[in-house]
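Trainee: Once you've had a glance at the structure underneath, I'll fire off some questions.
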Amino acid sequence: MERQLALPVSVEDFKEIRQDGYYYVDKTSLIEQVLIGKCKVTLFTRPRRFGKTLNMSMLKHFFEIGTDSSLFEGLHISQNTELCDQYMGKYPVISISFKGIEAESYAKARSQLVKRINREVRRFQILLTSDILSDVDKDLFRELLKKDMDDATLVNSLQELTELLEIHFSQRVIVLIDEYDVPLAKAYEHGYYDEMVLLMRNLFGNVLKTNESLAFAVLTGCLRIAKKSIFTGLNNFKVYSITDIAFDEAFGFTNDEVREMLRYYNLENHFDGVKEWYDGYHFGNADVYCPWDVVNYCYDHYNDPDVAFQNYWMNTSGNDVIDHFVDSIDDPGMLTKTELENLVNGDTVVKYVDEMVTYKELYLNIDNLWSTLFMTGYLTQREKESDGRYHLAIPNREIRNIFVKRVLTLFGKNVSENSELLRSFCTAMLASDARTVERLLTEYMSKTVSIRDSFVKSLRENFYHGLLIGIFGYRDGWKATSNKESGDGFSDILIEANENGSKIGIVIELKYSKTEKGLDKDCCEALQQIDDKNYMQELQRKGCQKILKYGIAFYHKKCRVLAERN
């Protein structure tokens with residue numbers, strides 16, 4: 001029986017995937033497209049975790065002298081024998097990633113960049129014994145191995161390495177630079193952006209512009225970055241972003257590719273859920289899934305199909321852009337609450353997108369924020385107007401959860417800053433004053449966005465649930481737990497409140513009404529469920545002398561509250 005292929009979680013080296021028995025989604029058509037395009041310098045911009053690094057590794061292993069041709073057996077590119085004969089294993093390749101170059105100071109970031117270049121240079125120590133290179137050439141190569149490069153050596157390092165490689169191999173050099181913009185992003189965060197821009201401009205200018213030893217170069221990054229700020233003077237330079245039709249299926253998984261992966265791991269019946277959670281991106285004319293999500297989902301569910309869906313993409317990096325976006329609600333000239341409500345409820349907003357924004361300008365105004373959300377994968381396009389405006393939407397359930405979580409965090413912050421409202425609400429809860437609880441909860445909800453009844457039921461439930469947990473979490477002496485097993489089921493919220501030496505228990509069951517008229521009926525059903533399922537049992541076991549029961553029903557920003565004492 002054939003051994004099943006492993007899932008390549010966090011494996012980004014093409015050779016390792018092909019040799020060590022990992023599942024590979026064939027993206028080798030990218031090689032053909034790059035060669036047909038014949039651009040001297042090509043930049044691909046995609047959000048994080050969309051396969052940029054793996055594709056760059058694949059390009060390296062295809063073109064590099066001494067490559068193992070068996071790595072490509074059975075893949076799409078192997079069918080083009082003429083192209084393989086002409087290009088496979090024929091070039092010296094400089095392959096360098098700027099991922100992970102981040103530091104709190106320019107000096108430390110520069111040192112990291114030098115070490116990254118040193119590491120790549122060490123791959124070519126064959127040049128030290130070359131019969132073709134002169135002693136002067138070899139001395140130059142030794143300079144590129146030094147950890148204390150001066151600025152002149154650093155900014156010329158990649159260009160000089162291409163010259164030395166061309167002399168030795170009698171072949172022009174391919175340059176691959178992955179995540180070219182990471183140093184710029186980190187420089188902006190830590191306050192040395194202008195210094196880093198100057199360094200990168202000189203480094204890229206020397207290796208990519210008027211370099212006769214360069215065959216061609218491919219770069220990847222998250223943002224495009226204005227050409228004038230980094231790639232000044234490059235004429236044969238082409239950018240393919242998420243709005244371009246060319247290469248639109250090269251990064252990300254298509255519907256067919258996801259179906260095949262799920263089938264291979266006997267997870268076919270999970271397709272609808274995977275599509276809801278991880279699909280929804282629209283690049284060019286292609287609809288694609290986030291590869292990181294799909295691979296991690298299959299990995300987690302292969303041995304345990306009942307594991308809940310998770311936000312995999314969210315945990316791979318910071319979500320600062322969401323913080324800036326949500327925090328700007330109703331600031332003059334910034335985001336309106338209506339726009340955010342439209343997004344989290346599955347609608348679109350129509351906005352101009354500037355793909356040339358620099359890291360220095362990301363949060364300068366709301367237009368730049370919309371553009372940044374789009375280019376970094378938090379929003380996607382549904383259609384484009386003739387005047388260049390895009391219909392932007394949250395792509396899928398995972399990203400929608402990120403937005404909702406940030407909204408709830410902001411709401412909790414507002415609650416914590418309003419001690420009088422918080423005190424009044426909790427006092428009314430302890431007094432079984434359902435009318436006051438209802439009034440104050442409605443007042444609280446008016447401060448946040450509305451989750452519509454027409455949208456995903458479980459998202460609605462999590463949202464209202466999160467609102468209440470956020471309120472109770474700021475009350476000293478109260479311990480709130482969610483979905484805890486008690487009696488014959490799982491109660492929505494249980495609260496242990498220590499008040500003046502007494503231990504009071506509160507049981508809350510939430511309902512989500514289909515219409516405003518159904519609020520009263522749903523409240524009664526919630527209270528009845530507490531009794532029928534004996535949700536009080538856990539609080540009684542913990543010694544609560546008094547237990548209060550609440551049925552709360554929501555409809556948009558309206559609610560109904562009923563209370564009973566046990």
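The values are calculated or read from the model by the stated rules, or taken from the named source; none is laboratory data. Predicted model, so just to flag it, every value in this text is computed and none were measured. Neighbour counts run over all protein chains shown; Cβ positions are idealised from the backbone, glycine included. Just so you know, the surface numbers come from the protein's heavy atoms only, side chains and all, with ligands and any DNA or RNA stripped out. Shrake-Rupley method; radii C 1.70, N 1.55, O 1.52, S 1.80 Å.
Trainee: Within the stretch 73-102, take every residue that is β-branched (Val, Ile, Thr) and buried (at least 17 other Cβ atoms within 10 Å of the Cβ) and give me the one that is farthest from Ser157 (Cα to Cα).
Mentor: Ile77
Trainee: Right, next: Residues in the stretch 4-36 that are in contact with a Phe, Trp or Tyr (Cβ under 9 Å, 6 or more places away or on another chain), open to solvent by 40 Å² or more (accessible area, probe 1.4 Å) and in a helix (DSSP H, G or I): how many?
Mentor: Selection size over the stretch 4-36: 3.
Trainee: Would it be correct to say that Lys275 is within 25 Å of Glu361 (Cα to Cα) and open to solvent by 50 Å² or more (accessible area, probe 1.4 Å)?
Mentor: The answer is no for Lys275.
Trainee: Are any residues in the stretch 162-173 touching an Asp or Glu at 6+ places or on another chain (Cβ under 9 Å) and over 14 Å from Glu212 (Cβ atoms), and if so, which ones?
Mentor: Correct list: His168 only.
Trainee: Applying the selection to the stretch 368-383, what residues are assigned to a helix (DSSP H, G or I), in contact (Cβ under 8 Å) with a residue 24 or more places away in the chain and either among the hydrophobic types (A, V, I, L, M, F, W, C) or surrounded by fewer than 21 Cβ atoms within 10 Å (Cβ to Cβ) (or both)?
Mentor: Answer for the stretch 368-383, where residues must be assigned to a helix (DSSP H, G or I), in contact (Cβ under 8 Å) with a residue 24 or more places away in the chain and either among the hydrophobic types (A, V, I, L, M, F, W, C) or surrounded by fewer than 21 Cβ atoms within 10 Å (Cβ to Cβ) (or both): Leu369, Leu373, Phe374, Met375.
Trainee: Residues Ser386, Ser424: which one is surrounded by 15 or more Cβ atoms within 10 Å (Cβ to Cβ) and more than 20 Å from the chain's Cα centre (by Cα)?
Mentor: Just one listed residue meets the conditions, Ser424.
Trainee: Only residues that are of a type outside the set (D, E, K, R) and either modelled with pLDDT of 85 or more or part of a strand (DSSP E or B) (or both): list them for the stretch 221-242, please. Talk me through it step by step, then tell me what you get.
Mentor: So in the stretch 221-242, the residues of a type outside the set (D, E, K, R) come out as 221-223, 225-226, 229-237, 239-242.
Correct list: Gly221, Cys222, Phe237, Val239, Tyr240, Ser241, Ile242.
Let's see how each residue does on (1) in contact with a helix residue (DSSP H, G or I) (Cβ under 8 Å, 6 or more places away or on another chain); (2) basic (Lys, Arg); (3) over 21 Å from Asp323 (Cβ atoms):
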| position | (1), (2), (3) |
| --- | --- |
| Gly333 | yes, no, no |
| Asp347 | no, no, yes |
| Thr376 | yes, no, no |
| Lys384 | no, yes, yes |
| Asn396 | yes, no, no |
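Trainee: Please enumerate the residues belonging to the stretch 46-104 that are closer than 25 Å to Phe253 by Cβ and acidic (Asp, Glu).
Mentor: Hit for the stretch 46-104 is Glu73, nothing else.
Trainee: Checking Leu35 against (1) touching a strand residue (DSSP E or B) at 6+ places or on another chain (Cβ under 8 Å); (2) modelled with pLDDT of 95 or more: exactly one of these is not met. Which one?
Mentor: Leu35 satisfies all of (1) touching a strand residue (DSSP E or B) at 6+ places or on another chain (Cβ under 8 Å); (2) modelled with pLDDT of 95 or more except (1).
Trainee: Separate question: Looking at Asn462, is it surrounded by 15 or more Cβ atoms within 10 Å (Cβ to Cβ), at pLDDT below 80 and under 17 Å from Leu408 (Cβ atoms)?
Mentor: yes
Trainee: Could you check the stretch 433-451 and list, in sequence order, the residues that are surrounded by fewer than 16 Cβ atoms within 10 Å (Cβ to Cβ) and touching a residue at least 60 places away in the same chain (Cβ under 8 Å)?
Mentor: Listed by number, the residues that qualify are Arg435, Thr442, Ser446.
Trainee: I've got another one for you. Which ones in the stretch 306-315 are open to solvent by 40 Å² or more (accessible area, probe 1.4 Å) and touching a Phe, Trp or Tyr at 6+ places or on another chain (Cβ under 7 Å)?
Mentor: The answer is Phe309, and nothing else.
Trainee: Six or more apart or on different chains, Cβ atoms under 7 Å: show the pairs whose first residue is in the stretch 166-187 and closer than 15 Å to Ala217 by Cα and charged (D, E, K, R) and whose second is open to solvent by 20 Å² or more (accessible area, probe 1.4 Å) and outside any helix (DSSP H, G or I).
Mentor: Qualifying pairs under 7 Å: Glu166/Arg172; Asp178/Ser97; Asp178/Lys99; Glu179/Ser97; Glu179/Lys99.
Trainee: Of the residues Thr45, Thr81, Thr67, only one is among the polar types (S, T, N, Q) and within 29 Å of the chain's Cα centre (by Cα); which?
Mentor: Selected residue: Thr45, the only one of Thr45, Thr81, Thr67 that is among the polar types (S, T, N, Q) and within 29 Å of the chain's Cα centre (by Cα).
Trainee: Of the residues that make up the stretch 105-117, is at least one in contact with a helix residue (DSSP H, G or I) (Cβ under 9 Å, 6 or more places away or on another chain), exposed (fewer than 13 other Cβ atoms within 10 Å of the Cβ) and of a type outside the set (Lys, Arg)?
Mentor: No, the conditions are met nowhere in the stretch 105-117.
Trainee: Hey, does the stretch 234-247 have a residue that's under 30 Å from Asp26 (Cβ atoms), among the acidic types (Asp, Glu) and surrounded by 18 or more Cβ atoms within 10 Å (Cβ to Cβ)? Give the derivation first.
Mentor: Kept after step one, since they are under 30 Å from Asp26 (Cβ atoms), are these residues of the stretch 234-247: 236-247.
Next, from what is left, pick out any that are among the acidic types (Asp, Glu): 244.
Pick out the ones that are also surrounded by 18 or more Cβ atoms within 10 Å (Cβ to Cβ) and you get none.
No.
Trainee: In the stretch 410-420, how many residues are part of a helix (DSSP H, G or I) and open to solvent by 20 Å² or more (accessible area, probe 1.4 Å)?
Mentor: Counting residues in the stretch 410-420 that are part of a helix (DSSP H, G or I) and open to solvent by 20 Å² or more (accessible area, probe 1.4 Å) gives 6.
Trainee: Kindly list the number of the only condition in (1) under 23 Å from Thr220 (Cβ atoms); (2) free of Cβ contacts under 8 Å to residues at least 60 places away in the same chain; (3) not in a loop (DSSP other than H, G, I, E, B) that fails for Gln86.
Mentor: Only one criterion in (1) under 23 Å from Thr220 (Cβ atoms); (2) free of Cβ contacts under 8 Å to residues at least 60 places away in the same chain; (3) not in a loop (DSSP other than H, G, I, E, B) is unmet by Gln86, namely (1).
Trainee: Could you give every pair whose Cβ atoms fall below 8 Å, whose first residue belongs to the stretch 483-501 and is farther than 17 Å from Phe472 by Cβ, and whose second residue is at pLDDT 80 or above and open to solvent by less than 10 Å² (accessible area, probe 1.4 Å), counting only separations of at least 6 or pairs across chains?
Mentor: From the stretch 483-501, the pairs are Gly487/Tyr535; Gly489/Tyr535.
Trainee: For the stretch 27-83, which positions are touching a Ser or Thr at 6+ places or on another chain (Cβ under 6 Å), more than 22 Å from Cys290 (Cα to Cα) and in contact (Cβ under 8 Å) with a residue 60 or more places away in the chain?
Mentor: Selection gives Lys60 alone.
Trainee: Next up: Check the stretch 108-120 and report whether any residue there is more than 15 Å from Ser57 (Cβ to Cβ) and in a loop (DSSP other than H, G, I, E, B).
Mentor: Checked the stretch 108-120: no residue is more than 15 Å from Ser57 (Cβ to Cβ) and in a loop (DSSP other than H, G, I, E, B).
Trainee: One residue is enough: does the stretch 449-458 have a residue meeting the conditions more than 17 Å from Ala553 (Cβ to Cβ), in contact with a Lys or Arg (Cβ under 8 Å, 6 or more places away or on another chain) and at pLDDT below 80?
Mentor: Yes: the stretch 449-458 contains one or more residues that are more than 17 Å from Ala553 (Cβ to Cβ), in contact with a Lys or Arg (Cβ under 8 Å, 6 or more places away or on another chain) and at pLDDT below 80.
Trainee: Here is a follow-up. Across the stretch 327-365, what is the number of residues that are under 24 Å from Val182 (Cα atoms) and either surrounded by fewer than 19 Cβ atoms within 10 Å (Cβ to Cβ) or aromatic (Phe, Trp, Tyr) (or both)?
Mentor: Kept after step one, since they are under 24 Å from Val182 (Cα atoms), are these residues of the stretch 327-365: 353-365.
Among the residues that remain, those that are also either surrounded by fewer than 19 Cβ atoms within 10 Å (Cβ to Cβ) or aromatic (Phe, Trp, Tyr) (or both) are: 354-356, 359-361, 363-365.
Within the stretch 327-365, residues that are under 24 Å from Val182 (Cα atoms) and either surrounded by fewer than 19 Cβ atoms within 10 Å (Cβ to Cβ) or aromatic (Phe, Trp, Tyr) (or both) number 9.
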